[in-house]
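Notes follow the structure.
The values are calculated or read from the model by the stated rules, or taken from the named source; none is laboratory data. All figures in this text were calculated on a predicted structure; none of them were measured in a lab. Every residue, glycine as well, gets a Cβ built from its backbone with ideal geometry; the counts of neighbours run over all protein chains shown. Surface accessibility is based on the protein's heavy atoms, side chains included, excluding ligands, DNA and RNA. Shrake-Rupley method; radii C 1.70, N 1.55, O 1.52, S 1.80 Å.
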Amino acid sequence: MAANLQKLKLLYIAKMLVEETDAVAGLTMAQILERLEAHGITAERKSVYRDIESLREFGLDIQTFQRAPLEYALVTRSIELDDLMLIVDAVQSSRHLTQRKSDALVRSIKRLAPKRERDLLDRHLSVSGRIKIQGDSLLYNVDRILEAIAGKRKVSFRYFSYNAAKEKVMRRSGERYVETPVEIIVNQGVYYLVTYNPETDNFEGFRVGRMDYVEVSEERAAKVPRQSDFSVERLDNAVVGAAGGAFVDAMLIADGHAMNAVVDRFGRDVASTDLGDGTARIEARIEEGPAFYGWLVRCNGTVRIEGPESLAESYKQYLRAILEQC
């Protein structure tokens, strides 16, 4: 029993240093002894000194604050408060998590911080336009797909669409799809499964949130001979449903205040030339199609196509087709 108490004493000391101390505030020896006593453990100061030294040898960065009285604190952690704040923000802003799951994850994350800092992780983040999913099925689907990919197995599922009454309508009259999973991609916050069809020697896409009854099949996945040619970027639009066209080296003219949008889309390394009149010439490789044209529309005339002429004409046709539907 005494040996067990000694082991528990070491664990309790580590626990209180993790939860109650940081680079600012520590615990005095009297406080440590008091907390051990609350757990039914009577200890001498010398034994606690030895335990703290053992924890230091184990790798914990426990410092002694020269105060009256002395304080002991864990000052360095594997993950710091700023990192935890970023994680909490990501969890709270994720549309893929139910509110229940989001709250549970935040509670778990908060336990990684010392008690004194946990209130700082109550971020109450408000994300405009975020729509939380209504169930945890998406996360379950992702888990099963990744399990199938890791096990080199096919994935089996039913696939549905919504009708005008927002009711689920099963594709193929409810017949199950059995597909070779290749990769999961995310487009504008939505998960898509990329599959390979050996009969057509082509890649196909399914929205993970519209997959039901996902299971890992006993059937082995097909080999993907064109894996090296697989382009997530090119497939992205096809999976989302916005058919893409050929890749084109485009020349764009952007107003100065449109450069934020340009950098956000093409990256900071995009080739650009300051024309000296408040505009810049942008050289970027784009894929013709609704995704690029829609971005131009959102720029509201602050980004214009300089060339090639065929790209400008395709964009005009895209706009005319929309106007004809009005």
Can you tell me the accessible area per residue over the chain, all protein chains present, probe 1.4 angstrom, in square angstrom? 60
Over 19 Å between Cα atoms, which of K9/K46; K154/K223; K7/K115; K101/K152 qualify? K7/K115; K101/K152
Points 7 angstrom from Cα along the Cβ direction at N300 and R116: gap in nanometres? 4.8
Protein chains only, probe 1.4 Å: how do K101, K9, K166 rank by accessible area, largest first? K166, K101, K9
For peptides 45-56, 192-203, sequence by mean Cβ density within 10 Å, most packed first: 192-203, 45-56
Separation in nanometres of the label points that stand 7 Å from Cα toward Cβ, at A271 and S108: 4.7
Starting from the residue with the highest accessible area, list F58, F266 in decreasing order, probe 1.4 Å. F58, F266
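How large is the helix-only mean residue ellipticity at 222 nm for the chain, computed as the sum of -39500 (n - 2.57) over DSSP H runs with n ≥ 4, divided by its residue count, in deg cm²/dmol to the nearest 500?
-12000 deg cm²/dmol
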